[in-house]
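Here the structure comes first, spelled out in structure tokens, and everything after it is commentary.
Read the figures in this text as sums done on the coordinates, not as results from a lab. All values reported here derive from a predicted model rather than from experimental measurement. Please note: Cβ atoms are built from the backbone with ideal geometry, for glycine as well, and neighbour counts cover all protein chains shown.
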Amino acid sequence: MELKIFQIDAFAERRFAGNPAAVVPLERWLPDATMQAIAAENNLAETAFFVREKGADGSDFHLRWFTPAIEIDLCGHATLASGFVISTYLEPGRTKMSFRSRSGVLGLLRHGDLFALDFPAYPPEAVAIPEAVERALGRKPAKMLAAKQWLAVYESEADVAGLKPDMAAILALGRDGVIVTAPGQRSDYVCRYFAPHAGIPEDPATGSAQCVIVPYWAERLGKTKLSGRQISARVGTFQCELKENRVDIAGRCVAYLEGKIHVD
């Protein structure tokens, strides 16, 4: 069996930036073990698979995401990449679509070269700083919050850039990894994300992390429209807007690869 595959740099201002995602359109679902094997072979943070549908909830596609190790509940950059593939290669010019997922129906709008996701907001709540956090991250944060992930807040962009995390210690903290954030010099905020539980020591540009980060910074800064930068080695950029219990997360995509994979 031959399947189309695309590799797209998402939340990227140029090729070889942002977060690379593999996108595999399907006519029907493959066995879960096969999709997990494809994702492991791709060895990217996420591989997205989708099947066209007309769901009762109004969805146009059913979308699933796999890291090299597990299937996950929500992924921003691979959703952005899937929308780019659909509107660029499969249905050129399409500007609106929706995806059924483990996290509900997710919308996507295209405005020129900008793609905007409609994702759920997960406002974090303040918690006591766990004793193990300083060892896990290499520096004690100014404050700690939590939602599905830990959110460690630092005072400066330099603090976040200089972190040298201990992945085994981060894994021991539980939850879905640790997001770190601070005020940005060229954006409202900067962030990094460590997710060893999913086989991703550091994710380059994490759309789903903005579901936690944006509610925090919107409240702290007193505004709903925010710009963010994920200061990994590749750097990701986000234009976000908090809309009650939803977050619009926008970014650009750049195509890197188009090809075929062979599956028995």
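Couple of notes before you dig in:
- Segment 1-70: chymotrypsin sites (Phe, Trp or Tyr not before Pro) falling in loop per DSSP and having at most 15 other Cβ within 10 Å: Phe16, Trp29
- Prolate/oblate/rounded call for segment 57-132, Cα gyration tensor, a/c under 1.5 rounded: prolate
- Once the Cβ-Cβ distance of Ala158 and Glu125 is raised to the sixth power relative to R0 = 30 Å, the FRET efficiency obtained is 0.65.
- Set of segment 46-72 residues, backbone N closer than 20 Å to the point 7 Å along the Cα-Cβ line of Arg94: 47-66
- Descending by average beta-carbon neighbour count within 10 Å, the peptides 120-127, 73-80 line up as 73-80, 120-127, the highest first.
- Relative contact order, whole percent, for the chain stands at 23, derived from Cα pairs under 8 Å and 6 or more residues apart.
- On the beta carbon distance between Arg175 and Arg15, with R0 = 30 Å, the FRET formula returns roughly 0.35.
- The trypsin sites (Lys or Arg not before Pro) found in segment 19-102 that occupy coil by DSSP, while having at most 15 further C-beta atoms within 10 Å, are Arg28, Lys54, Arg94, Arg102.
- Charge dipole (Cα centre; +1 on Lys/Arg Cβ, -1 on Asp/Glu Cβ; no other charges) of segment 62-192 amounts to roughly 240 debye.
- Label selected from [x] 18.0; [y] 18.5; [z] 20.3, the criterion being Kirkwood radius over Cα pairs in Å as computed here: [y]
- Three-way shape label, segment 129-264, alpha-carbon gyration tensor, a/c 1.5: oblate
- Listed pairs Lys96/Lys148; Lys54/Lys260; Lys54/Lys148; Lys96/Lys260; Lys4/Lys96 exceeding 24 Å between Cα atoms: Lys96/Lys148; Lys54/Lys260; Lys54/Lys148; Lys96/Lys260
- The slack between Ala255 and Ala33, meaning 0.36 nm per residue of separation minus the straight C-alpha distance, is 77.2 nm.
- Pair Asp113, Lys4: separation of 7 Å Cα→Cβ label points (nm): 2.2
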